[in-house]
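Accompanying notes for the structure given below.
Where a number appears in this text, it was derived from the coordinates with a stated rule and is not lab data. Since we're looking at a predicted model, the values are computed, not measured. Every residue, glycine among them, receives a Cβ derived from its backbone with ideal geometry; neighbour counts consider all protein chains shown.
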Amino acid sequence: MRKTFATVSLAGLAILAITGMANGTTLLTGVQGSVVNLTIDSIDYTIIDRSSDLDTWKGTIGYWSSDYTGYYIGTVAEIGGKAANDNDNGNKNYLTNLLRYFLDKPDYYIKTIKVDASGTTNSNGYGELDVTYNGDYKSGTWSTVSSDPSFDVEFYSIKGSTEFALYYVDPALQEGNWVTRHLLNNGGNIPSISHITVIGDPPPPQVPEPATMLLFGTGLAGLAGFALRRSKK
């Protein structure tokens, strides 16, 4: 995977940031309002630190707070020079590239379940997501337990206005809380949610045990011998 240095803008200053983490490469700097520009596999991303005083910086894994699940790892404002909502945070190519970069796992592949604020689900064949909303649609809960207990959520995104915020769930869970605090609309206010997408890595393909392969091979050899004997009669 090709990566570039991240250019970080803050109060008119530009610095180069090269940061590493145990599980990959951080998307943020830990400075509220900072902007990180990344190019990953020829795709440009603009990521803004929309953290607030309610969040606690946890270093290379992002931010933590008690009112949302997992770690806030950044708000994607633009993809390819266009507003994030023009690209749709359900686009698996864009999300896959970004999460591979974060995890430093070139083979990471995602499956998604997407729900809009009306409750309409785009499951892509992976079950459904149970979502609750508070009165102003700025917080709530998500769960995969009742509809797809095998879906472990490793990331989720909260979309509102023209941005989406990304969260890293470690260890993976099947239910949690969400907020829209890390988003701003064009008027500079926290918007209501428009979509939530939960993201997981599908289980690896089943590889037969060596003993199973030996039995299978022995059975094939036996069949071949039986067929040969019949052909000589």
Length gained if S118 through S52 is fully extended, taking 0.36 nm per residue and subtracting the Cα-Cα distance, is 21.0 nm
HN-Hα couplings for the stretch 154-171 via Karplus (6.51, -1.76, 1.60; θ = phi - 60°), in whole Hz with x for Gly/Pro, come out as 9, 9, 8, 10, 10, 10, x, 6, 9, 10, 9, 9, 10, 9, 9, 9, 9, x
For the stretch 53-65, Karplus-derived ³J(HN,Hα) couplings (6.51, -1.76, 1.60; θ = phi - 60°; whole Hz; x for glycine and proline) come out as 5, 7, 9, 10, 5, 10, x, 5, 9, x, 10, 10, 7
Calc'd 3J(HN,Hα), the stretch 100-117, phi into Karplus 6.51 cos²θ - 1.76 cosθ + 1.60 (θ = phi - 60°), Hz, glycine/Pro = x, comes to 4, 5, 4, 7, 6, 10, x, 9, 5, 10, 10, 10, 10, 10, 10, 9, 8, 5
The answer for the net charge of residues other than L28 whose Cβ lies under 10 angstrom from its Cβ, with Lys and Arg +1 and Asp and Glu -1, is 0
Looks like the stretch 51-172, by Cα gyration tensor root eigenvalues a ≥ b ≥ c and the a/c under 1.5 rounded cutoff (else prolate when a/b is bigger than b/c, oblate otherwise), is rounded
Per the 1/(1 + (r/R0)^6) rule, R0 = 41 Å and r from the Cβ atoms of Y133 and T96, FRET efficiency to 0.05 is 0.90
Once both label points are put 7 Å beyond Cα along the C-beta direction, the T141-K111 separation in nm becomes 2.4
By Cβ neighbour count within 10 Å, fewest first, F164, F102 rank F102, F164
